[in-house]
Amino acid sequence: DPQCTAPTPMAELCNFLDDDCDGATDEGFELRGQICVVGEGACRRVGVNACSGDGVEVVCDVVAGDPTEELCNALDDDCDGMIDEAFMGLNEPCFAGEGACRRAGALRCDAEGVGAACTAVAAEPTEEICDGIDNDCDGTVDEVAGGCECTSGESRACYSGAPATLGNGACAQGSQTCGGGMWGACNGEVLPDDEQCDDTDDDCDGAVDEGLGLGDACTAGENECLVNGTIVCAEDGESAGCDAIAREAAPETCNGADDDCDGETDEDFPGVGDAC
């Protein structure tokens, strides 16, 4: 038979002793010895649950790290549950250059982690010729010395974007009309634009809605309120978001479930599960 370790039975403490003399040690402190996690992001630490100094509860034996200033480095430096939130537009498409020099890239963190920059590098301009393309990349098509030979009223197809983008996705030729022996502006052309969530290749790179995470798994809510979903296009046709809607938290009842979705079960009913 267990031997009483106190002069008279007392409330059970977390101290490896049978304080209440019921034959069991530290009942009610079953989390002792289990793995525990504290903090988020770069502050996250893993430890082991242990008895508190006064023995009245179980606490994690590590403390969260200290948050630091958020950098652009794919880490949650300030430990608020968000990554690189101070740097808007990361990984979104971007462009450098005009006309035939225009090239696509994406917004990425710089080497120092203090900002973001476009990875696109514009191509080198070439001599302007009469071909309906902005060869010298100054935003104007066929502005050669003396003008291009044409007959007033004559028209032709034109395109001032990078030749490789023509015919891809939304990109399309426009038309020029000759006036006074010179070709006018290129009207009606569709040039590469920032990719939107609209089932269209807006940036004319041969891929549709890339970089938006469409089809990736996502979640809404926490604990018992968590619902799985998928990244889909938003109703605005521009952005993407999770289609999951978190379950609504309910008042906690004594039912062995986390009704209010706070990560605890039956916490409003002290003593549930204790020996009696």
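The values are calculated or read from the model by the stated rules, or taken from the named source; none is laboratory data. All values derive from a computational prediction rather than experimental measurement. Here the Cβ positions follow ideal geometry from the backbone for every residue, glycine too, while neighbour counts run over all protein chains shown.
Having 1 or more residues that are within 30 Å of ALA104 (Cα to Cα) and in contact (Cβ under 8 Å) with a residue 24 or more places away in the chain is the bar; report the strands (runs of 3 or more DSSP E) wholly within region 1-93 that clear it. Break it down stepwise before answering.
Working: elements: 35-38, 45-51, 58-60.
Where strands (runs of 3 or more DSSP E) fall fully within region 1-93, none carries at least 1 residues being within 30 Å of ALA104 (Cα to Cα) and in contact (Cβ under 8 Å) with a residue 24 or more places away in the chain.
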So, in region 210-254, how many residues would count as being more than 30 Å from GLY169 (Cβ to Cβ) and under 13 Å from the mean Cα position of the chain (by Cα)? 1
Taking the options GLY169, GLY241, name whichever one is surrounded by 17 or more Cβ atoms within 10 Å (Cβ to Cβ) and assigned by TED's automatic domain parsing to the domain that holds ASN255. GLY241
So, CYS225, is that one more than 19 Å from PRO93 (Cα to Cα), surrounded by 13 or more Cβ atoms within 10 Å (Cβ to Cβ) and at pLDDT below 90 or not? yes
So, first residue within 30 Å of CYS72 (Cα to Cα) in region 105-133, second residue hydroxyl-bearing (Ser, Thr, Tyr), Cβ within less than 6 Å, six or more apart or across chains; the pairs are GLY105/THR119; ALA106/THR119; ARG108/THR119
Can you pull out the residues in region 182-207 that are assigned to a loop (DSSP other than H, G, I, E, B), surrounded by 20 or more Cβ atoms within 10 Å (Cβ to Cβ) and more than 25 Å from the chain's Cα centre (by Cα)? CYS186, GLU189, LEU191
Pull out all pairs, ordered by first then second residue, where Cβ-Cβ is under 7 Å, the residues are six or more apart or on different chains, the first lies in region 250-276 and is in a loop (DSSP other than H, G, I, E, B), and the second is among the hydroxyl-bearing types (Ser, Thr, Tyr) and surrounded by 10 or more Cβ atoms within 10 Å (Cβ to Cβ). GLY256/THR265; ALA257/THR265; ASP258/THR265; ASP259/THR253
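Out of region 259-276, which residues are surrounded by 11 or more Cβ atoms within 10 Å (Cβ to Cβ) and farther than 17 Å from LEU31 by Cα? Can you show your working first?
Just the residues of region 259-276 that are surrounded by 11 or more Cβ atoms within 10 Å (Cβ to Cβ), to begin with: 259-262, 264-269, 272-273, 275.
Within region 259-276, ASP259, ASP260, CYS261, ASP262, ASP268, PHE269 qualify.
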Kindly indicate which of PRO93, PRO125 is modelled with pLDDT of 95 or more and not charged (D, E, K, R). PRO125
Going through region 87-122 in order, the residues found to be closer than 17 Å to CYS171 by Cβ and loosely packed, with under 15 Cβ neighbours inside 10 Å are none
Looking only at region 94-111, decide whether some residue is closer than 21 Å to GLY213 by Cα and acidic (Asp, Glu). no
